Structure formats: structure tokens, C-alpha cells
Amino acid sequence: MYFFYSGTRTWISKFRQGQNIFSPISPDLRQLKWCFPSYFDYYSAAKDEPRPMPTMPGHCTILDSGAHSFFAMHAIGVEKKRETILIDLEHYFTMYIEHLKLNWNKIDYFVELDVGEVYGMKIVKKMRDDFAREGLIEKCIFAWHPNNGINDLDICLNCPSRYMGIEGMRPGDIVIPYNRILKKAYTIGTRIHGFALTNHKVFRRYPFYSVDSTL
């Protein structure tokens, strides 16, 4: 099982700048080898520039899409805390694609912008088509949430990258049958990444290929 540290760039920024975790960070701040950086950090650092496309400092095993920021706008997610941040989805996604193209050789995999719970699956499917049209789909990690529906689970399990992400445990929500899904995934040769799942009890029960959580 591979462990990734998410939120490291905003964490470093918080201590270096003495500001809150949503403060912009220096685009050239080098990242750790096993970090799980979010595109939201790059976007927020340069979204007002004419070309908000900073080159990534170093190699990245997995780049997260920053969908958690859209969840925070609607008090959805692990923390279920509403944040007063406003992001234009169309602009964000356009810049995400440009960022991926610019840093293609520095990224092994990237997570799709899995915002179906907020905007509906029609939007998510269109973005997947856009990734395919732009020649990026081979490195895309499809992310499954119960809200996506059971039909989308099979689509995610058979995504081109053979690397699928799955929603972590949210307080008060229905427990996802991780082992059943993992068994099917390993049977067909698909790796599963668990978002925000580094509790030691999780390790003993669910054999994820990789997981992440904040510091």
C-alpha cells in the first residue's frame, strides 16, 4: 500500500506565510516525493494572471483535481464544513486541462474533477470526454462516489488508466462496501486509491493499492 500526504503545499504555505490554509502559495515551492498535491493550490496562486499556468516544481506521482474545494463550497465531504470560496467551474476546468498539458511529463496520474455530487454526472461525463479529446485520458484516475450511481462504478473500474479513486469515510454517511469493490477491482487488474483513508483500522480491513490524507 502506498501512502500519499495531501495538503502538504498549503500546509507549508500556512507556516511560511503565517496565513490561513487557503492562502496562495509560491508556484516554485518544491514538492515532496510522496505528496498528493492539489491543482487548486496552483489555481489559487495564479488565477488572476494572464496565463495562470505555473510549471510544476518536480515530479508528481498523482495530481489531485481539487474537487474538495467545490465540495467545501456546498458543505459536502469529510468535514462537511462550508467555506466562503467561490470558483467558476468552467474556468477552473479549462485551466486544469492547460496545466496538465504543460506539466504532462511531470505527472504520472491525475484525478478527474469529480464534482458530480455538486453539478451532476452529466458534467462529469462531459469532462471525461474532454480529457479523452485532449489526449489526456490515459493518465486519468476516475473517482467514484455513491452519488455517481452503480452504473458509473463499472465505468470507473474499467477506466483507461486502470487506476480508480473512491470516496473516503464521511461521518454519518452509509458505509461503502469497500472490500466487495476492491475484490472486483483486483480481479480485473484495476488499482484502487482511497481518498482521505489513512486510519490504521482501514489498513487492517481494506487492501487499497494507495491512500492519502492530510498531515
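Please list, ordered by residue number, the helices (runs of 4 or more DSSP H) wholly in region 112-170 having 1 or more residues that are more than 14 Å from A185 (Cα to Cα) and either in contact with a Leu (Cβ under 6 Å, 6 or more places away or on another chain) or among the aromatic types (F, W, Y) (or both).
Where helices (runs of 4 or more DSSP H) fall fully within region 112-170 and carry at least 1 residues being more than 14 Å from A185 (Cα to Cα) and either in contact with a Leu (Cβ under 6 Å, 6 or more places away or on another chain) or among the aromatic types (F, W, Y) (or both), they are 116-119, 121-133.
State the number of residues belonging to region 188-210 that are within 13 Å of M164 (Cβ to Cβ) and either hydrophobic (A, V, I, L, M, F, W, C) or part of a helix (DSSP H, G or I) (or both).
So the first thing to find is which residues in region 188-210 are within 13 Å of M164 (Cβ to Cβ), and the list is 188-195, 208-210.
Subsequent filtering for residues that are either hydrophobic (A, V, I, L, M, F, W, C) or part of a helix (DSSP H, G or I) (or both) retains 188, 192, 195, 208.
Total satisfying the criteria: 4.
Look at I192 and say whether it is within 27 Å of Y96 (Cα to Cα) and at pLDDT 95 or above. Don't jump to the end; show me each part of the working.
Numbers: within 27 Å of Y96 (Cα to Cα): yes; at pLDDT 95 or above: yes.
Judged against the criteria, I192 is a match.
Scan region 124-147 for residues that are modelled with pLDDT under 95 and over 15 Å from H68 (Cβ atoms) and jot them down.
Going residue by residue through region 124-147, those that are modelled with pLDDT under 95 are 145-147.
Scanning region 124-147 gives a single hit, P146.
Just to verify a result, which residue in region 199-215, among those that are among the polar types (S, T, N, Q) and surrounded by 18 or more Cβ atoms within 10 Å (Cβ to Cβ), is farthest from W144 (Cα to Cα)? I'd like the intermediate steps shown before the answer.
Going through region 199-215, the residues among the polar types (S, T, N, Q) turn out to be 199, 210, 213-214.
If we keep only those that are surrounded by 18 or more Cβ atoms within 10 Å (Cβ to Cβ) as well, we get 210, 213.
Numbers: S210: 15, S213: 17 Å.
Going through the qualifying residues, I end up with S213.
Give me the pairs: first residue in region 171-189 and within 13 Å of I150 (Cβ to Cβ) and modelled with pLDDT of 80 or more, second residue surrounded by 11 or more Cβ atoms within 10 Å (Cβ to Cβ) and among the acidic types (D, E), beta-carbon distance under 7 Å, and six or more apart or on different chains, which are they?
Final answer for the pair search is I176/E167.
The values are calculated or read from the model by the stated rules, or taken from the named source; none is laboratory data. Keep in mind that this is a model prediction, so the values were computed, not measured. With ideal geometry, Cβ positions are generated from the backbone for all residues, glycine too; neighbour counts draw on all protein chains shown.
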